[in-house]
Amino acid sequence: MTASTDLETHAARRILVLDGAMGTMIQQHKPDEATYRGTRFVSHNSDVGGNNELLSLSQPDMIRDIHAAFLDAGADILSTNTFGANAISQADYGMQDLAYEMNVASAGIAREAADAVATPERPIWIAGGIGPTNQTASLSPDVNDPGKRGVTFDQLADAYGEAARGLIDGGVDILLVETIFDTLNAKAAIYAIESLRDQGVAVPPIIISGTITDLSGRTLTGQTPEAFWASMSHAKPFAVGLNCALGAAEMRQHIRTLSGVADTRISAYPNAGLPNDMGGYDETPRETSDHLAEWAASGLVNIVGGCCGTTPDHIRAIAKAVADKAPRKVPGTVEKMRLSGLEMFEVAGPSTDNQDESAA
């Protein structure tokens with residue numbers, strides 16, 4: 001049985017649990033500039049503090065231990081330490097040439113952690129995280145020049161393609177295109193991934209996860225959850241969902257909306273509440289897990305986990321809370337024309353009443 005077939009089988013039986021926040025766990029180690037550099041990058045000519053993806057090369061044991069903690073908490077899916085492991089984001093540190101290596105190494109570290117505990121009865125899947133980059137293809141960085149862009153579609157596609165190839169070469173079971181605030185960026189990622197498929201690369205299942213950036217209920221570029229799905233549905237992802245920005249209490253209505261229109265599995269991994277005045281997260285594991293247990297009981301989700309602020313304690317509570325809940329039943333393929341702008345437009349089928357009148 002292949003990893004993707006195995007994934008589908010288990011997803012049909014139970015709600016799968018994704019891990020929690022890599023960045024939150026890294027910060028608990030309080031790494032300084034020397035920690036980020038390690039021995040290999042001690043002479044690098046620019047500051048690298050905060051480059052979490054570099055730690056997969058300079059401090060692999062730290063990253064492996066974080067994965068192990070989430071596995072011990074009950075995670076079924078480990079996401080790689082690759083949120084910013086792309087040439088565009090790494091250019092801030094003068095490390096764009098390391099993007100491919102970061103992805104391969106991060107996938108390998110996660111695989112090592114998984115193989116240490118996985119059994120036939122408890123398979124573990126590795127999701128290769130592909131973050132949104134620090135650029136947006138849809139919005140101008142200059143309020144005085146609306147047509148200006150900081151990045152082109154082709155530049156995004158090249159960066160995403162390199163990252164995806166590294167993750168695949170590193171052995172991931174899933175590609176996780178996550179924290180999407182700009183649908184055009186995500187389009188570039190999907191294009192890059194499909195281009196790899198055209199080149200004969202065995203592309204694993206894809207999870208697409210957008211982010212609602214505030215209480216308006218829209219992405220940063222203005223789309224509703226329904227419009228976001230209409231924009232992404234052509235990729236036929238294994239799952240679609242939301243992560244980051246909001247806590248579970250604020251995210252629920254948007255997950256409910258997405259669950260009502262998407263003919264695939266639904267993933268959800270919210271923050272541990274909204275950030276406090278210091279940028280931290282105060283929601284307890286019990287509070288987060290209570291929310292996700294209710295979502296599961298309401299038949300809204302297939303994959304759950306945690307984003308910013310969530311620790312192994314959060315994931316342990318979530319795993320326990322959904323253990324006896326059935327996964328959302330995936331609806332049949334929707335055979336309707338759906339168009340997306342800022343909102344979704346669905347073309348209705350012919351009216352039965354009108355057909356009867358015409359026949360008469």
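With the structure loaded, tell me whether VAL304 is surrounded by 21 or more Cβ atoms within 10 Å (Cβ to Cβ) and closer than 18 Å to GLY74 by Cα or whether it fails that test. Spell out how you get there, then give the answer.
Working: surrounded by 21 or more Cβ atoms within 10 Å (Cβ to Cβ): yes; closer than 18 Å to GLY74 by Cα: yes.
So VAL304 passes the test.
Please report, ordered by residue number, the helices (runs of 4 or more DSSP H) entirely within region 1-120 with at least 3 residues that are closer than 26 Å to ILE318 by Cβ, at pLDDT 95 or above and over 19 Å from the mean Cα position of the chain (by Cα).
Filter on region 1-120 gives 3-13, 60-72, 99-115.
What's the number of the condition ALA227 fails, among (1) at pLDDT below 95; (2) small (Gly, Ala, Ser); (3) under 30 Å from LEU7 (Cα atoms)?
(1)
Which one is farthest from the chain's Cα centre (by Cα), of the residues in region 265-282 that are buried (at least 22 other Cβ atoms within 10 Å of the Cβ) and of a type outside the set (Phe, Trp, Tyr)?
GLY273
Read through the list (1) touching a Gly at 6+ places or on another chain (Cβ under 6 Å); (2) of a type in the set (Ser, Thr, Tyr); (3) at pLDDT below 95, then give the number of the only condition that THR310 fails.
Evaluating THR310 over (1) touching a Gly at 6+ places or on another chain (Cβ under 6 Å); (2) of a type in the set (Ser, Thr, Tyr); (3) at pLDDT below 95 leaves (3) as the failure.
For ILE315, state whether it is among the hydrophobic types (A, V, I, L, M, F, W, C), more than 25 Å from VAL261 (Cβ to Cβ) and crowded, with 21+ Cβ neighbours inside 10 Å. Give the derivation first.
On the way: among the hydrophobic types (A, V, I, L, M, F, W, C): yes; more than 25 Å from VAL261 (Cβ to Cβ): yes; crowded, with 21+ Cβ neighbours inside 10 Å: yes.
Here the answer is yes, as ILE315 does meet what is asked.
Residues GLY108, GLY50, GLY38: which one is surrounded by fewer than 20 Cβ atoms within 10 Å (Cβ to Cβ) and within 20 Å of GLY170 (Cα to Cα)?
Residue meeting the stated conditions: GLY108.
What tally of residues in region 263-280 results from selecting those that are modelled with pLDDT under 95 and part of a strand (DSSP E or B)?
Of the residues in that region, 1 qualify.
The values are calculated or read from the model by the stated rules, or taken from the named source; none is laboratory data. Remember, predicted model here, so these are calculated numbers, not experimental data. All Cβ positions, even for glycine, are placed from backbone atoms using ideal geometry, and neighbour counts span all protein chains on display.
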